[in-house]
Amino acid sequence: MEGIPYTVESRQDTGLYNAKLGIWLFLSSEVMLFAALFSSYIILRIGAESWPVGASILNVPLGALNTLILISSSVTMILAWVSLKAKNFAGFKKNLGFTILLTLCFLGIKAYEYSAKFHHDLYPGTNNFMAIYFTLTGIHALHIIGGLIVNTYNFSLGSKMWQTEPERFTNRIEVSGLYWHFVDLVWLFLFPVLYLT
Amino acid sequence: MAITQQDFQSEINGYRSIFFSLVFLSAVGVGIHYLHLPTIFNIILILGVAFIQATLSVCYFMHLISERKLIFLVLILTVVFVIGMIGLILHQHFGLPEGGFHVS
(Lines give C-alpha, C1' and ligand atoms only; values in the text may rest on other atoms or scores of the structure.)
Protein backbone atom coordinates (compact mmCIF):
# COMPACT_ATOMS: atom_id res chain seq x y z
CA MET A 1 0.00 0.00 0.00
CA GLU A 2 1.26 3.51 -0.88
CA GLY A 3 2.05 6.01 1.87
CA ILE A 4 -0.60 8.50 2.96
CA PRO A 5 -0.74 11.21 0.26
CA TYR A 6 -0.30 14.94 0.87
CA THR A 7 1.56 14.64 4.17
CA VAL A 8 4.36 16.68 2.66
CA GLU A 9 3.30 17.99 -0.73
CA SER A 10 0.33 20.36 -0.96
CA ARG A 11 -2.93 19.37 -2.58
CA GLN A 12 -3.63 21.28 -5.77
CA ASP A 13 -7.19 22.18 -4.76
CA THR A 14 -6.52 23.41 -1.20
CA GLY A 15 -2.89 24.51 -1.53
CA LEU A 16 -2.20 22.85 1.83
CA TYR A 17 -0.94 19.51 3.04
CA ASN A 18 -3.79 17.50 4.55
CA ALA A 19 -2.76 17.68 8.20
CA LYS A 20 -2.69 21.48 8.20
CA LEU A 21 -6.26 21.77 6.90
CA GLY A 22 -7.26 19.01 9.26
CA ILE A 23 -5.85 20.71 12.35
CA TRP A 24 -7.46 24.04 11.47
CA LEU A 25 -10.83 22.28 11.09
CA PHE A 26 -10.28 20.58 14.44
CA LEU A 27 -9.34 23.90 16.07
CA SER A 28 -12.54 25.40 14.67
CA SER A 29 -14.50 22.73 16.52
CA GLU A 30 -12.51 23.53 19.65
CA VAL A 31 -13.44 27.21 19.22
CA MET A 32 -17.09 26.12 19.26
CA LEU A 33 -16.50 24.12 22.47
CA PHE A 34 -14.86 26.97 24.33
CA ALA A 35 -17.32 29.51 22.93
CA ALA A 36 -20.12 27.42 24.45
CA LEU A 37 -18.29 27.37 27.80
CA PHE A 38 -17.64 31.11 27.74
CA SER A 39 -21.30 31.65 26.81
CA SER A 40 -22.24 29.69 29.93
CA TYR A 41 -20.01 31.99 31.95
CA ILE A 42 -21.65 35.07 30.44
CA ILE A 43 -25.17 33.80 31.13
CA LEU A 44 -24.33 32.76 34.69
CA ARG A 45 -22.69 36.08 35.44
CA ILE A 46 -25.31 38.41 34.00
CA GLY A 47 -28.10 36.35 35.53
CA ALA A 48 -26.59 36.33 39.01
CA GLU A 49 -27.76 38.74 41.71
CA SER A 50 -24.15 39.10 42.81
CA TRP A 51 -20.88 37.80 41.36
CA PRO A 52 -17.58 37.65 43.28
CA VAL A 53 -14.53 39.50 42.04
CA GLY A 54 -12.27 36.73 40.79
CA ALA A 55 -9.22 38.11 42.58
CA SER A 56 -10.97 37.82 45.95
CA ILE A 57 -11.05 34.03 45.58
CA LEU A 58 -8.37 33.18 43.02
CA ASN A 59 -4.63 33.76 43.22
CA VAL A 60 -3.80 36.44 40.62
CA PRO A 61 0.02 36.19 40.93
CA LEU A 62 -0.15 32.41 40.35
CA GLY A 63 -2.50 32.92 37.41
CA ALA A 64 -0.15 35.54 35.96
CA LEU A 65 2.78 33.16 36.43
CA ASN A 66 0.85 30.45 34.59
CA THR A 67 0.18 32.93 31.80
CA LEU A 68 3.89 33.67 31.54
CA ILE A 69 4.64 29.92 31.53
CA LEU A 70 2.19 29.19 28.72
CA ILE A 71 3.39 32.12 26.60
CA SER A 72 6.97 30.87 27.03
CA SER A 73 5.93 27.35 26.08
CA SER A 74 4.33 28.72 22.92
CA VAL A 75 7.63 30.35 21.99
CA THR A 76 9.68 27.22 22.66
CA MET A 77 7.14 25.17 20.67
CA ILE A 78 7.50 27.34 17.61
CA LEU A 79 11.29 27.46 18.01
CA ALA A 80 11.22 23.65 17.96
CA TRP A 81 9.51 23.77 14.55
CA VAL A 82 11.83 26.47 13.21
CA SER A 83 14.83 24.38 14.34
CA LEU A 84 13.57 21.46 12.27
CA LYS A 85 13.13 23.76 9.26
CA ALA A 86 16.79 24.71 9.73
CA LYS A 87 17.70 20.97 9.95
CA ASN A 88 18.78 21.47 13.57
CA PHE A 89 17.51 18.34 15.34
CA ALA A 90 19.37 19.09 18.57
CA GLY A 91 17.71 22.51 18.69
CA PHE A 92 14.33 20.86 18.15
CA LYS A 93 14.92 18.44 21.04
CA LYS A 94 16.03 21.28 23.33
CA ASN A 95 13.06 23.49 22.55
CA LEU A 96 10.45 20.75 22.68
CA GLY A 97 12.00 19.57 25.94
CA PHE A 98 11.56 23.07 27.39
CA THR A 99 7.95 23.08 26.14
CA ILE A 100 7.26 19.85 28.00
CA LEU A 101 8.94 21.14 31.17
CA LEU A 102 6.95 24.37 31.08
CA THR A 103 3.75 22.37 30.58
CA LEU A 104 4.50 20.31 33.68
CA CYS A 105 5.11 23.55 35.62
CA PHE A 106 1.73 24.88 34.48
CA LEU A 107 -0.05 21.69 35.53
CA GLY A 108 1.79 21.68 38.86
CA ILE A 109 0.67 25.22 39.64
CA LYS A 110 -2.88 24.37 38.56
CA ALA A 111 -2.88 21.33 40.84
CA TYR A 112 -1.65 23.49 43.72
CA GLU A 113 -4.41 26.04 43.05
CA TYR A 114 -7.06 23.31 43.00
CA SER A 115 -5.79 21.76 46.24
CA ALA A 116 -5.80 25.21 47.88
CA LYS A 117 -9.43 25.65 46.86
CA PHE A 118 -10.37 22.24 48.25
CA HIS A 119 -8.49 23.03 51.47
CA HIS A 120 -10.72 26.10 51.88
CA ASP A 121 -13.84 24.00 51.16
CA LEU A 122 -14.34 25.57 47.74
CA TYR A 123 -15.65 22.91 45.38
CA PRO A 124 -17.46 23.00 42.03
CA GLY A 125 -20.74 22.64 43.90
CA THR A 126 -20.09 25.55 46.27
CA ASN A 127 -21.48 28.28 44.02
CA ASN A 128 -21.85 29.21 40.34
CA PHE A 129 -18.51 31.02 40.22
CA MET A 130 -16.59 27.99 41.48
CA ALA A 131 -18.60 25.71 39.18
CA ILE A 132 -17.70 27.67 36.06
CA TYR A 133 -14.11 28.21 37.29
CA PHE A 134 -13.51 24.47 37.74
CA THR A 135 -15.32 23.64 34.49
CA LEU A 136 -13.43 26.14 32.36
CA THR A 137 -9.99 25.53 33.85
CA GLY A 138 -10.58 21.79 34.16
CA ILE A 139 -11.48 21.34 30.50
CA HIS A 140 -8.57 23.60 29.56
CA ALA A 141 -6.25 21.49 31.72
CA LEU A 142 -7.47 18.34 29.96
CA HIS A 143 -6.49 19.97 26.66
CA ILE A 144 -3.09 20.82 28.13
CA ILE A 145 -2.64 17.18 29.15
CA GLY A 146 -3.60 16.04 25.65
CA GLY A 147 -1.02 18.38 24.15
CA LEU A 148 1.55 17.17 26.69
CA ILE A 149 0.98 13.55 25.61
CA VAL A 150 1.43 14.47 21.94
CA ASN A 151 4.53 16.56 22.60
CA THR A 152 6.07 13.83 24.75
CA TYR A 153 5.48 11.29 21.98
CA ASN A 154 7.01 13.64 19.40
CA PHE A 155 9.98 14.19 21.73
CA SER A 156 10.60 10.48 22.29
CA LEU A 157 9.37 7.64 20.05
CA GLY A 158 7.91 9.89 17.37
CA SER A 159 11.19 11.68 16.73
CA LYS A 160 12.52 8.57 14.97
CA MET A 161 10.57 9.76 11.92
CA TRP A 162 13.21 12.47 11.52
CA GLN A 163 15.65 9.81 10.26
CA THR A 164 13.34 8.50 7.50
CA GLU A 165 10.89 11.30 6.63
CA PRO A 166 12.26 14.62 7.94
CA GLU A 167 9.85 16.87 6.06
CA ARG A 168 6.79 14.91 7.20
CA PHE A 169 8.07 15.05 10.80
CA THR A 170 8.56 18.82 10.50
CA ASN A 171 4.95 19.15 9.32
CA ARG A 172 3.84 16.98 12.24
CA ILE A 173 5.55 19.34 14.67
CA GLU A 174 4.00 22.34 12.92
CA VAL A 175 0.53 20.82 13.33
CA SER A 176 1.20 19.95 16.99
CA GLY A 177 2.38 23.53 17.46
CA LEU A 178 -0.84 24.94 16.01
CA TYR A 179 -2.81 22.96 18.60
CA TRP A 180 -0.49 24.14 21.37
CA HIS A 181 -0.79 27.82 20.40
CA PHE A 182 -4.57 27.46 20.43
CA VAL A 183 -4.51 26.03 23.95
CA ASP A 184 -2.32 28.97 25.01
CA LEU A 185 -4.72 31.37 23.30
CA VAL A 186 -7.66 29.98 25.29
CA TRP A 187 -5.74 30.64 28.52
CA LEU A 188 -5.07 34.23 27.37
CA PHE A 189 -8.84 34.72 27.63
CA LEU A 190 -9.46 32.43 30.61
CA PHE A 191 -7.03 34.24 32.89
CA PRO A 192 -8.48 37.74 32.51
CA VAL A 193 -12.09 36.53 32.47
CA LEU A 194 -11.80 34.47 35.66
CA TYR A 195 -9.00 36.14 37.61
CA LEU A 196 -9.04 39.81 36.62
CA THR A 197 -12.69 40.78 36.10
CA MET B 1 11.78 23.73 2.71
CA ALA B 2 15.08 24.13 4.61
CA ILE B 3 15.83 27.67 5.71
CA THR B 4 19.19 29.41 5.85
CA GLN B 5 20.93 30.38 9.07
CA GLN B 6 20.10 34.02 8.36
CA ASP B 7 16.39 33.23 7.92
CA PHE B 8 16.53 31.12 11.08
CA GLN B 9 17.96 34.00 13.11
CA SER B 10 15.47 36.43 11.59
CA GLU B 11 12.55 34.16 12.58
CA ILE B 12 13.90 33.75 16.10
CA ASN B 13 14.19 37.54 16.49
CA GLY B 14 10.60 37.91 15.27
CA TYR B 15 9.24 35.35 17.73
CA ARG B 16 11.26 36.90 20.54
CA SER B 17 9.60 40.27 19.80
CA ILE B 18 6.17 38.67 19.92
CA PHE B 19 7.06 36.96 23.21
CA PHE B 20 8.04 40.23 24.88
CA SER B 21 4.93 41.90 23.46
CA LEU B 22 2.73 39.19 24.95
CA VAL B 23 4.46 39.41 28.32
CA PHE B 24 4.16 43.21 28.32
CA LEU B 25 0.45 43.01 27.44
CA SER B 26 -0.09 40.47 30.23
CA ALA B 27 1.49 42.93 32.66
CA VAL B 28 -0.77 45.67 31.27
CA GLY B 29 -3.81 43.48 31.85
CA VAL B 30 -2.83 42.76 35.44
CA GLY B 31 -2.07 46.46 35.93
CA ILE B 32 -5.53 47.44 34.69
CA HIS B 33 -7.00 45.02 37.23
CA TYR B 34 -5.16 46.73 40.09
CA LEU B 35 -6.51 50.14 39.02
CA HIS B 36 -9.89 48.98 40.43
CA LEU B 37 -11.88 50.65 37.67
CA PRO B 38 -15.68 50.32 37.46
CA THR B 39 -16.55 46.76 36.41
CA ILE B 40 -17.67 47.51 32.86
CA PHE B 41 -14.51 49.51 32.06
CA ASN B 42 -12.41 46.81 33.68
CA ILE B 43 -14.00 44.13 31.51
CA ILE B 44 -13.75 46.12 28.28
CA LEU B 45 -10.11 47.13 28.78
CA ILE B 46 -8.86 43.76 30.01
CA LEU B 47 -10.66 41.81 27.29
CA GLY B 48 -9.37 44.33 24.76
CA VAL B 49 -5.82 43.56 25.87
CA ALA B 50 -6.58 39.82 25.70
CA PHE B 51 -7.91 40.26 22.18
CA ILE B 52 -4.69 42.01 21.09
CA GLN B 53 -2.64 39.20 22.64
CA ALA B 54 -4.79 36.60 20.86
CA THR B 55 -4.35 38.43 17.54
CA LEU B 56 -0.57 38.48 17.91
CA SER B 57 -0.50 34.80 18.82
CA VAL B 58 -2.78 33.76 15.95
CA CYS B 59 -1.07 35.94 13.34
CA TYR B 60 2.54 35.13 14.18
CA PHE B 61 2.75 31.92 16.21
CA MET B 62 0.02 30.24 14.17
CA HIS B 63 1.25 32.10 11.04
CA LEU B 64 -2.25 33.04 10.02
CA ILE B 65 -0.85 36.25 8.57
CA SER B 66 0.72 34.23 5.75
CA GLU B 67 -1.81 31.42 5.47
CA ARG B 68 -3.94 30.35 2.52
CA LYS B 69 -7.40 31.86 1.99
CA LEU B 70 -9.05 28.50 2.69
CA ILE B 71 -7.96 28.70 6.33
CA PHE B 72 -9.46 32.19 6.59
CA LEU B 73 -12.72 30.83 5.16
CA VAL B 74 -12.80 28.07 7.77
CA LEU B 75 -12.17 30.59 10.56
CA ILE B 76 -14.68 33.14 9.27
CA LEU B 77 -17.36 30.43 9.18
CA THR B 78 -16.44 29.50 12.75
CA VAL B 79 -16.65 33.11 13.95
CA VAL B 80 -20.02 33.56 12.23
CA PHE B 81 -21.37 30.48 13.98
CA VAL B 82 -19.94 31.54 17.35
CA ILE B 83 -21.35 35.08 17.15
CA GLY B 84 -24.66 33.78 15.85
CA MET B 85 -25.08 31.22 18.59
CA ILE B 86 -24.01 33.56 21.38
CA GLY B 87 -26.41 36.10 19.93
CA LEU B 88 -29.23 33.54 20.02
CA ILE B 89 -28.45 32.69 23.64
CA LEU B 90 -28.39 36.33 24.71
CA HIS B 91 -31.56 37.05 22.73
CA GLN B 92 -33.29 34.22 24.55
CA HIS B 93 -32.00 35.48 27.89
CA PHE B 94 -33.01 39.10 27.41
CA GLY B 95 -36.03 38.58 25.17
CA LEU B 96 -38.41 37.05 27.68
CA PRO B 97 -42.09 37.72 26.99
CA GLU B 98 -43.97 39.83 29.51
CA GLY B 99 -44.60 37.88 32.69
CA GLY B 100 -41.86 35.39 31.95
CA PHE B 101 -39.07 34.64 34.39
CA HIS B 102 -35.85 32.68 34.57
CA VAL B 103 -35.79 29.51 36.60
CA SER B 104 -32.50 29.14 38.45
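The values are calculated or read from the model by the stated rules, or taken from the named source; none is laboratory data. Here the structure is a predicted model, which is why all the values come from computation and not from measurement. Glycine gets a Cβ as well: all are built from the backbone with ideal geometry, and neighbour counts include every protein chain shown. Accessible surface areas use protein heavy atoms only, side chains included; no ligands, DNA or RNA. Shrake-Rupley method; radii C 1.70, N 1.55, O 1.52, S 1.80 Å.
Projecting the Cα atoms of B:Thr78, A:Phe129, B:Tyr60 onto the charge dipole of the protein assembly as shown, computed from C-beta unit charges around the Cα centre, puts B:Tyr60 farthest toward the positive end. In this structure A:Arg45 has an accessible area near 50 Å², from a 1.4 Å probe over the protein heavy atoms. Each peptide in A:49-56, A:100-107 was scored by the mean count of other Cβ atoms within 10 Å over its residues; highest first, the order is A:100-107, A:49-56. The apolar share of the surface of the protein assembly as shown, taken as the fraction of accessible area on carbon and sulfur atoms (1.4 Å probe, ligands and nucleic acids excluded), comes to 69 percent.
Of the cross-linked pairs A:Lys85/A:Lys160; A:Lys20/A:Lys160; A:Lys93/A:Lys160; A:Lys87/A:Lys160, those separated by over 18 Å at the C-alpha level are A:Lys20/A:Lys160.
Quick check for you: with a 1.4 Å probe and neighbouring chains kept, what is the accessible area per residue of the protein assembly as shown, in Å²? Intermediate values should be presented prior to the final figure.
Details: 15360 Å² over 301 residues.
I get 51 Å² per residue for this part.
Could you work out, residue by residue across B:21-29, how many beta carbons of other chains sit within 10 Å of that residue's beta carbon, and then give the average as an integer? Write down the numbers at each step before the final one.
Details: counts 1, 9, 5, 0, 3, 8, 3, 0, 8.
The mean count of partner-chain Cβ atoms within 10 Å per residue comes to 4.
Here is the interface size for B with A: some 4100 Å² of accessible area buried, both sides summed, with a 1.4 Å probe. Of the whole protein surface, B:His33 contributes about 10 Å² of accessible area at a 1.4 Å probe radius.
Kindly point out which whole DSSP H helices in chain B project their C-alpha atoms 18 angstrom or further along the helix axis while averaging a Kyte-Doolittle hydropathy of 0.5 or above.
On the way: long enough: B:5-34 (44 Å, 0.37); B:39-56 (26 Å, 2.14); B:69-94 (37 Å, 2.20).
Qualifying helices: B:39-56, B:69-94.
Given +1 on the Cβ of Lys and Arg, -1 on the Cβ of Asp and Glu, and no further charges, what dipole in debye does the protein assembly as shown carry about its Cα centre, rounded to the nearest 20? Show your work: numbers first, answer last.
Working: 15 positive and 15 negative charges, 111 e Å.
For this selection, approximately 540 debye.
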